[in-house]
Every structure is written in C-alpha cells, then in structure tokens.
1. Just want the ordering: T199, T269, T306, from fewest to most Cβ atoms lying within 10 Å of their own Cβ.
2. 222 nm [θ] for the chain, helices only, -39500 (n - 2.57) per DSSP H run of 4+, per residue, to 500?
3. What order do you get for Y403, Y50, Y108 when you list them from fewest to most C-beta neighbours inside 10 Å?
4. Take the alpha-carbon centre of region 207-254, take the same for region 337-367, and report the distance between them in whole Å.
5. Given region 27-74 reduced to its alpha-carbon atoms as identical point scatterers, what log10 I(q)/I(0) does the Debye formula return at q = 0.15, 0.32 Å⁻¹?
6. Which loop trypsin sites (Lys or Arg not before Pro) in region 314-421, with loop taken from DSSP, have no more than 13 other Cβ atoms within 10 angstrom of their Cβ?
7. Rounded, prolate or oblate, given the Cα gyration tensor of the chain, with a/c below 1.5 counting as rounded?
8. Taking the Cα centre of the chain as origin and charging only Cβ (+1 Lys, Arg; -1 Asp, Glu), how large is the dipole, in debye to the nearest 20?
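What follows is calculated from the coordinates using simple rules that are stated; it is not laboratory data. In this text, all values refer to a predicted model and were calculated from it rather than measured experimentally. Note: ideal-geometry Cβ built from the backbone for every residue, glycine included; neighbour counts use all protein chains shown.
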Amino acid sequence: MNRPSPTTHRVVVVGGGFGGLSAARSLRRDDVSVTLVDRRNFHLFQPLLYQVATGALAAGEIATPLRGLLKRRKNVQVVLGEVSGFDLVRRRVFVADLAGAGAHELEYDTLVVAGGAAHAYFGHGEWAPLAPALKTLEDALEIRRRILLAFELAESAEDPLARASLLTFVVVGGGPTGVELAGQVAEIARDTLRRDFRTIEPRSARIVLVEGADRVLPAMHPRLSAKAKRSLERLGVTVRLDRLVTDVDPRGVTIQPRLGPAERIASRTVIWAAGVRASELAIALAEQSGADLDRAGRITVSPQLTLPGHPEVFALGDMVRVSDGSSGVLPLPGVAPTAMQQGRYAARVIKRRLRGKADPRPFRYRNKGDLATIGRLRAVGDVKGVRLSGFIAWFAWLAVHLYYLTGLQNRLHVFIRWTAGFVTRGRGARLITGKAAHQPLRQDSTQISADDAPPLARTKVS
C-alpha cells in the first residue's frame with residue numbers, strides 16, 4: 001500500500017455501491033487518502049440486475065471492477081475484504097481477509113459506511129432457498145437458472161399437473177423490481193421461447209404477481225399504478241392485489257386476501273421481491289454509538305448523515321434513515337440516486353471541514369423522478385410532476401439507465417444488446433449455469449395433487 005503522510009487526512013469508505021463509490025470519487029482532488037473496502041471487487045449496477053435474471057443481459061455488462069473505476073484517482077486505494085467490526089473510540093475498522101488468512105485494522109480520521117441492504121422474509125428465513133431474492137449477481141444467475149430450467153423440465157414432463165406447475169411463475173412483491181421481473185418473464189414466454197419447444201406452448205405459461213397493497217408500484221401516483229397493472233395484464237400477467245404470502249413450500253405458495261379464504265398456487269418457481277432489511281453493519285454501528293434502529297434494521301443518522309456523538313462517522317444509503325432535525329425522519333426512497341446524492345454530500349462535508357468551514361445545510365434529497373419498465377415499449381414514470389407512460393416513459397427509462405451505468409464499455413455493450421434484442425425479440429444470455437445447473441428444481445416434481453395444480457386452460461395472449 002501507498003502509506004499516507006502523517007498529516008494526510010485518512011478517509012475509510014466501507015462499501016463499493018452507489019453511495020460509497022460516489023463518496024470516493026468526489027474526494028479525488030483533495031489532500032486526503034481514501035481507502036475503499038468491499039467484499040466484492042466490482043461495482044454492481046443493481047437497477048439492471050433483473051435483466052441478468054431474465055437473460056436480457058450478461059452478468060459482466062452491469063458490473064465494473066472497482067480498481068478500474070478508480071484507477072485514475074491516485075489518492076484512492078481499494079482493499080478487498082469483509083468488514084467485521086468497528087472501534088469508534090480508537091477509530092479503527094476491522095477487516096477480515098476473504099481467504100481466511102487473518103484480519104487487519106484500518107485507521108481513519110473520517111469513516112463513511114455504505115453497507116446497503118438485503119431482502120427480508122418477514123421472519124420466515126426458511127423461505128429463502130425456495131423463493132430467492134434479487135440482490136447479487138449470484139441471485140440473478142440462480143433465478144435465471146430456475147426460470148429457464150422450468151421450461152426445459154416442462155418440455156419433458158409427462159404428467160399434465162406437473163407440467164402446469166412448472167409453467168407457473170410467482171413473483172412476490174409489486175414494487176419496481178417485482179413489476180419488472182413479472183413483465184420480463186411474461187415476455188420470455190410470449191416472445192423469446194415461442195418457437196423453441198416442441199411439446200409445450202411457452203405462451204401458456206402463467207405468471208402471477210402478488211402484492212400486499214391495493215395497487216402495484218404503490219410509491220407512484222395511483223394513475224400510473226393503474227396503467228402499469230393494465231400493461232402487465234396485456235402481457236398475460238395475473239395480478240393479485242391485497243394479498244399476503246402466508247406460506248412457501250417446495251410445491252408452491254399460499255396467499256391470503258384481506259377478506260375470504262386463502263388461495264393456493266402450485267408453482268415450482270417463486271421469486272421474492274418484497275421487503276428489505278439493512279446491512280448488519282448498521283447493528284455494529286448502533287451498538288457502539290447508541291443510535292436507534294428501526295424495524296428494518298436501519299440506523300438513524302443526523303441531518304448531516306453522521307452518527308450521534310461521532311461527527312466523523314457518516315452512514316449512507318439503504319442502511320440508514322435520516323433525521324429531519326426534530327422528532328421525525330425524512331421520507332427517502334431506497335433507490336440508487338438517494339445513495340449517490342448522500343455520497344456526494346458526505347464528501348462535501350469532509351471537504352468543508354478540512355478547509356475549516358462550517359458544515360453545509362442538512363442533507364436534502366432531490367427527487368428527479370421515478371421510472372419503472374414493464375416490458376417492450378411499456379413503462380411508467382413521474383419526472384418532476386410530469387406523468388409519463390408508454391413509449392415515452394420506456395425511452396426515458398432506457399436513456400437514464402444508460403447514462404448512469406458505470407463504464408463506457410458496459411454502456412456500449414448494453415446499448416448493442418438492447419438494440420439487437422428489440423429487433424430480434426431475443427435474449428443473448430439464456431444460459432443455464434451454476435453448480436446445480438443439471439439438477440431439477442425440486443425433488444418432488446411429480447408429487448402434485450389436483451388441489452394444488454393450476455388450471456390447465458389459459459387465457460390466450462394476443
């Protein structure tokens with residue numbers, strides 16, 4: 001490592017996601033020594049992760065090596081390791097070697113923690129192996145494996161009940177990720193695979209989207225939510241609103257409406273896109289600082305994004321909730337722009353302190369708009385109060401994501417991939433990979449009762 005001089009201000013950034021990377025990049029021209037610590041050697045563009053899960057993009061097209069992104073920042077060095085704890089009194093970060101060879105300490109003058117979040121199963125962690133969530137590249141590849149393998153197994157299944165179960169896909173959660181996943185799976189069945197099989201009709205696949213609220217995309221305007229629901233239904237997606245998942249097992253899911261009896265859906269492929277919990281690093285910081293944690297495990301930080309009693313420690317992104325300076329918290333969305341703005345704000349505070357200036361005004365999120373795509377030429381969005389839908393929203397979604405995607409090479413690859421996919425309606429990354437690629441989804445594939453089986457008749461998709 002390049003050792004900083006004794007007078008150089010040492011900044012340790014934990015996490016190479018949107019918040020941490022933005023903070024490190026924003027300190028490039030200052031007399032500080034920045035050490036970025038992450039357990040992965042790449043920055044992942046999570047907004048496009050669902051396209052890897054559905055074969056539209058390859059994994060390498062939405063991930064960029066951190067060292068490559070920061071190679072021109074001479075005052076920034078990258079450490080590959082797992083943060084195991086903090087000592088806020090002595091100003092130390094404990095980093096475990098990923099190879100298990102040991103651990104070491106990093107000293108800091110300022111600490112920036114952006115640990116992100118993971119999906120929550122609301123006290124049912126046993127559902128995780130049966131209904132994978134979508135947070136990492138490994139998650140995306142496993143979901144892709146399950147989706148594609150379901151069609152392959154249905155092609156050779158002789159039992160019509162087992163075949164119907166294999167061709168039923170359940171997505172839990174009607175937020176942007178759930179809506180985008182459901183739309184993409186519907187397009188796989190409707191367009192991508194329509195001529196690939198001889199025994200089954202992929203267009204007969206049943207895609208069910210389950211949402212506990214009374215509308216999909218509940219964070220958007222009700223009119224946009226209604227348009228998104230209609231677009232999903234035109235793609236052949238069955239939308240179940242006001243329903244909570246009460247059980248997930250190897251043969252399907254049970255959902256409970258607010259009124260009426262529970263509904264059983266036989267499915268071999270269940271995808272989880274509901275609920276998040278903060279990184280465990282938030283708990284470690286709370287134990288040492290005395291900061292409050294909410295039910296989702298998020299730590300409460302000051303309007304300047306610092307921990308109580310520790311103005312030298314910043315916490316950002318999905319792992320925090322920001323105090324409004326009185327008795328409440330700011331209503332911040334858990335999206336990439338929030339973390340990016342917080343990373344730049346933390347860097348601005350550090351710069352001002354080094355120059356002997358007072359802290360800037362409290363952090364305020366600038367909402368530039370919300371966009372969600374449903375499928376080909378289908379999207380909805382709210383850009384500074386202007387509600388968009390259809391082709392205009394879809395094109396805006398493409399432009400925004402290409403602009404924010406890291407790495408020029410990735411932008412070119414994704415643009416070419418999207419163009420080819422639009423023209424041919426194909427998906428170039430339809431590979432069944434992984435250690436269990438040759439294994440069936442579940443061992444009891446033929447043990448499906450008539451009560452569990454979905455109806456064999458399907459609504460024709462025009």
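1. Details: T199 10, T269 27, T306 21.
By the 10 Å Cβ count, ascending: T199, T306, T269.
2. On the way: 11 runs with 131 residues, N = 462.
About -9000 deg cm²/dmol.
3. Details: Y403 8, Y50 26, Y108 21.
If I rank by nearby Cβ atoms, fewest first, I get Y403, Y108, Y50.
4. Computed from Cα coordinates, the inter-centre distance equals 38 Å.
5. For region 27-74 at q = 0.15, 0.32 Å⁻¹, log10 I(q)/I(0) is -0.51, -1.17.
6. On the way: sites: R321, R344, R348, K351, R352, R353, R355, K357, R364, R366, K368, R376, R378, K384, R387, R411, R417; in loops: R355, K357, R364, R366, K368, R376, K384.
Here the trypsin sites (Lys or Arg not before Pro) that fit, given the DSSP loop and packing criteria, are R355, K357, R364, R366, K368, K384.
7. Values: a/c = 1.86, a/b = 1.84, b/c = 1.01.
It is prolate, given that a/c is not under 1.5 and a/b is the larger ratio.
8. Values: 66 positive and 43 negative charges, 440 e Å.
That gives a dipole near 2120 debye.
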